[in-house]
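The values are calculated or read from the model by the stated rules, or taken from the named source; none is laboratory data. Predicted model only: the values in this text are computed from it and were never measured. Methodologically, a virtual Cβ is constructed for each residue, glycine included, from the backbone with ideal geometry; neighbour enumeration extends over all protein chains shown. With ligands, DNA and RNA removed, areas are computed over all heavy atoms of the protein, side chains included. Shrake-Rupley method; radii C 1.70, N 1.55, O 1.52, S 1.80 Å.
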Amino acid sequence: MLYNDKTVRSYRYDEQRRLAQRTDYYTNGIHIVRQFTYRYGVNGILSIDSQLNKEAPVVEGYPQRSDLIPSATVAFTTTNDSLSRIEKSTQTEFAVHKIELGNTRARLGFNQHGVLVWEEIIDEKGKISQYALYRPDEMGNIGFSRTGSLSNQWETFKFTYDNKPNPFKTTGDALPGNFSSLHGISVATNLNNALTQLYINSQGGRIEWHYVYEYRPDGYPRRMLSYRDKELDGTIEFVYNQ
């Protein structure tokens, strides 16, 4: 993936066509920010190990090198002998912000079509500290999502979509997009590509994005122009190996 003509992400696959490694780059398109390695079991993904650029917590701008050190491990386990409920445990040893360090647990819930519909973050006392809700539309795209805490602070995203195939759906990636132009989108779960996005929060904040695509003959996007409150925010280009 290219963001404003610079490589920001690449995917590598194993012999079974499963995602083996994802690499995220700084916006200079040269130095690596973080790299993820994926492990699988009989029912799907078991864990994701990440390495982070050792300069990431201190660098302003771009680092000098792409030296990576172990950062975090995310492990997935089924509960109640059901694939519709999964526990996610994240152990973080090295991060950009100290608040990210330590262990966190979450419970994930999926509907009958395998779409993530809720997530609960569990604190050290075993109680819910944060939550996320996802509502798929008739096509299975996430049309509405909300994240919040027990203090009644929340953020909501609303989306509309095109009818073209979403390239992220084919990646097998269990992690979110994390692009400045794709806030709030659970890109890997959606069948189609977002056309509009509305963000509002409990403090009265409001931001609108809309996206304009150039498509390949097979319908997959070649380029996406992102507009934030009607101003061009950035351009993402998709490069395919077939």
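Taking 7 Å steps out from each Cα toward its Cβ at Trp154 and Val42 produces label points 4.0 nm apart.
For the chain, the number of Lys pairs with C-alpha atoms closer than 26 Å, counting only pairs eight or more positions apart or on separate chains, is 16. A 1.4 Å probe, protein heavy atoms only, puts the accessible area of His97 near 100 Å². Only protein heavy atoms count here; under a 1.4 Å probe, Phe144 has an accessible surface of about 40 Å². Accessible area per residue for the chain, computed on protein heavy atoms with a 1.4 Å probe, is 58 Å². Note on the chain: with neighbouring protein chains present and a 1.4 Å probe, carbon and sulfur make up 49 percent of its accessible heavy-atom surface. Shown here: semi-axes √(5λ) of the Cα gyration tensor in Å, derived from the displayed model; of the candidates [x] 58, 20, 13; [y] 26, 24, 21; [z] 31, 22, 13, it corresponds to [y].
How high is the FRET efficiency from Gln112 to Thr196, r the C-beta distance, R0 35 Å, rounded to 0.05? Taking R0 as 35 Å, the efficiency between Gln112 and Thr196 is 0.80. When +1 charges are put on Lys and Arg Cβ atoms and -1 charges on Asp and Glu Cβ atoms, the dipole computed for the chain relative to its Cα centre reaches about 200 debye.
Sorting 87-93, 203-209, 42-48, 19-25 by average packing, meaning the other beta carbons within 10 Å per residue, from highest down gives 19-25, 87-93, 42-48, 203-209.
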